[in-house]
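J.: Pasting a structure below so you can have a look.
The values are calculated or read from the model by the stated rules, or taken from the named source; none is laboratory data. Just so you know, these numbers come straight off a predicted model, no measurement behind them. Glycine gets a Cβ as well: all are built from the backbone with ideal geometry, and neighbour counts include every protein chain shown. Calculation scope for accessible area: heavy atoms of the full protein, side chains included, ligands and nucleic acids excluded. Shrake-Rupley method; radii C 1.70, N 1.55, O 1.52, S 1.80 Å.
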Amino acid sequence: MYKVKVYVTLRESVLDPQGKAVQQSLSSLGYQGVEDVRIGKYMELQFDDSVTDVEGTVKEVCEKLLSNPVIEDYRYEIEESAKQ
Amino acid sequence: MKFAVIVFPGSNCDVDMYHAVKDELGEQVDLVWHDADNLDQYDGILLPGGFSYGDYLRSGAIAHMSKVMAAVKKAAEAGKPVLGVCNGFQILLESGLLPGAMLRNKNLKFLCRTVELSVVNNETMFTSLYEKGEKINIPIAHGEGNYYCDEETLAKLQANNQIAFTYASDVNGSLSDIAGITNEKGNVLGMMPHPERAVDNLLGSADGLKLFQSIVKHWRDSHVVKA
C-alpha cells in the first residue's frame, strides 16, 4: 500500500487572483509581512499493491488529469503505508 | 444539415443550443448523451455551456475524459465544424483541441451580462456572415473565462489568424481580450460568450444567429451541388 500526496499549484508565470485577494485580506488584518499568497490543490491518493510502478503511474495521472500543464505545476510525495 | 448537441451531467445550456438550432436556425438537431461513441451521422458538433461534472478538479477536466470526446476529436480531424461555448470551450481546451487554458476571472466574480464583442476574423466557417471588425452583443455567464496561454502560443494564434472574437473592452482579464479562438485548421471554435442566447430580438439580441447561419452556409457551399 502506498499513500501519495499530490500538490498542484499555479505556475509562477500565471497570476493567481485568489491568492492575491487572500494576501490583501491578510494585510488588512494587520499581517503586513505576508508578501505573497499562492493557492493550490492538495490531493491524497491511495494505491493498492497491484500497482507495480507507483511513481510512473503518479506522474502519468498528474499529467493526464490531476494538473493542467498549461497553467499548473505538480509535485508529489510517496509514502509506504501499512495495510488497514 | 444535422447537428449534435453533446450533453454531459451538469450541462445547462444544452436546451438553449437545441432551441437555437431547431427553431431559430431551422436545421436538424439531436441531444446526444456523453457516452455516445459514434457521431458519424452528424455534420456539426456543438458543446454547450454549463458545469459538466460540477466543474470538479478544473472546468472541463472530467468531461474531456468522457467517451464521446474521442468521437468529437474524430469529427474535428475530419474537418467537421465543432463549436464549444463557455463550458464547451473549457472542455475543448482541456482536450487539447484548442490551445491555452482558463483562469478565474480577474475580479473573482461570476460575470453574467451582455458584452460587446469585435469580430476579429470573419474568414472562418463560423464568422463569414459578419463584417470584419463588426461589433456584436452577446451574453456571457462565467466565473472562469480569463483566457491564458504562453507568449509563443499567443504569437501563433495571432500569426495564423486564430483569434475569432475579442471583447471590445476588458471583461475578465483575458490575454489580449480574447473571447473566442479557432484551431489552426479553422474548423474548431471555442468561445466564452453564448451566441445561442442571442438568436432572437426577444432575447435582447439576435447577433448570435449569424454564427450558426455561417456554419450552415459553409456546409451548403461545400456539400450541396447547385443545380
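J.: Using a 1.4 Å probe, how large is the accessible area of residue A:80, given in Å² and rounded to the nearest 10?
T.: Estimated to the nearest 10 Å², residue A:80 gives 150 Å².
J.: Here is a follow-up. Using every alpha carbon pair in the protein assembly as shown, what percent of pairs falls into each 10 Å bin from 0 up to the bin containing the largest distance?
T.: In order of increasing distance, the bins hold 6, 25, 32, 21, 11, 4, 1, 0 percent.
J.: Still on this structure, I have one more. Calculate, in nm to one decimal, what residue B:225 and residue B:137 gain on full extension: separation in residues at 0.36 nm each, minus their alpha carbon distance. Intermediate values should be presented prior to the final figure.
T.: Numbers: separation 88, 0.36 × 88 = 31.68 nm, distance 3.45 nm.
Full extension from residue B:225 to residue B:137 adds 28.2 nm.
J.: Suppose each label sits 7 Å from its Cα in the direction of the beta carbon; what would the residue B:185-residue A:46 distance come out to in nanometres?
T.: That separation, rounded to one decimal, is 4.4 nm.
J.: Also: Relative to the longest principal axis of chain A, what angle (0 to 90°, nearest 10) does the C-alpha long axis of helix A:17-28 take?
T.: 50
J.: Assuming 0.36 nm per residue, please report the length gained on full extension of the stretch residue A:59 to residue A:25 beyond their Cα-Cα distance. Provide the component values of the computation, followed by the final result.
T.: On the way: separation 34, 0.36 × 34 = 12.24 nm, distance 3.50 nm.
Residue separation times 0.36 nm, minus the Cα-Cα distance, leaves 8.7 nm.
J.: What average count of beta carbons from other chains do you get within 10 Å of the Cβ of residues in A:62-74? Spell out each step's value before the answer.
T.: Numbers: counts 0, 0, 1, 7, 3, 3, 8, 1, 11, 8, 2, 0, 0.
Across A:62-74, the average partner-chain Cβ count within 10 Å equals 3.
J.: Percentage of Cα-Cα pair distances in region B:2-223 greater than 21 Å, rounded to whole percent?
T.: Working: 11833 of 24531 pairs.
Distances greater than 21 Å cover 48 percent of the Cα pairs.
J.: Would you kindly derive the ³J(HN,Hα) couplings of region B:196-206 from the backbone phi angles with the Karplus curve 6.51 cos²θ - 1.76 cosθ + 1.60 (θ = phi - 60°), listing them in order in whole Hz, with x for Gly and Pro?
T.: After applying 6.51 cos²θ - 1.76 cosθ + 1.60, I find 6, 9, 9, 10, 7, 4, 4, 7, x, 7, 10 Hz.
J.: Separate question: How much of the DSSP bridge set in the protein assembly as shown is antiparallel, in percent, rounded to the nearest 5? Write out the running numbers ahead of the final one.
T.: Values: 39 of 55 bridges.
Close to 70 percent.
J.: Checking the cross-link filter: which lysines have an alpha carbon closer than 17 Å to that of residue B:80, excluding same-chain neighbours under 8 positions apart?
T.: Partners found: B:2, B:185, B:217.
J.: If you don't mind, another one. Which of B:114, B:153, B:124 moves the most in a Gaussian network model of chain B with Cα springs under 10 Å?
T.: Among B:114, B:153, B:124, the largest GNM mean-square fluctuation belongs to B:153.
J.: Ignoring ligands, DNA and RNA, please state the percent of accessible area on region B:1-95 from carbon and sulfur, probe 1.4 Å. Don't skip to the end; give the middle numbers.
T.: Details: 1680 of 3430 Å².
Its accessible area is 49 percent carbon and sulfur atoms.
J.: Using the eigenvalues of the Cα gyration tensor, what equivalent ellipsoid semi-axes result for region A:2-80 when each is taken as the square root of five times the eigenvalue, whole Å, largest first? Please list the in-between numbers first.
T.: Values: eigenvalues 205, 41, 12 Å².
Values for region A:2-80, descending: 32, 14, 8 Å.
J.: Using a simple charge model, +1 on the beta-carbon of Lys and Arg, -1 on the beta-carbon of Asp and Glu, nothing else, what dipole does region B:29-82 show about its Cα centre, in debye to the nearest 20?
T.: Magnitude of the dipole: close to 200 debye.
J.: Moving to a separate point now. Would you please name the chymotrypsin sites (Phe, Trp or Tyr not before Pro) within region B:75-128 that are DSSP coil residues with at most 13 other C-beta atoms within 10 Å of their C-beta? Don't skip to the answer; put the middle values down first.
T.: Working: sites: B:89, B:110, B:126; in loops: B:110, B:126.
Passing sites in region B:75-128 are B:110.
J.: What number results when the radius of gyration of region B:103-182, computed over Cα atoms, is divided by 2.2 N^0.38 Å?
T.: Values: Rg = 12.5 Å, N = 80, 2.2 N^0.38 = 11.6 Å.
Working it through for region B:103-182, the quotient is 1.08.
J.: If you don't mind, another one. Can you compute the modelled spin-label distance between residue B:200 and residue B:65, with each label point 7 Å from Cα toward Cβ, in nm?
T.: 3.9
J.: List, in order, the whole-Hz ³J(HN,Hα) value for each residue of region B:92-98 obtained from phi through the Karplus relation with A = 6.51, B = -1.76, C = 1.60 and θ = phi - 60°; use x for Gly and Pro.
T.: Computed from phi, the couplings for region B:92-98 are 5, 5, 4, 7, x, 5, 10 Hz.
J.: With springs only between Cα atoms under 10 Å apart, run a GNM on chain B and tell me which of B:146, B:172, B:201 wobbles the most.
T.: In this elastic network of chain B, the residue with the biggest mean-square fluctuation among B:146, B:172, B:201 is B:201.
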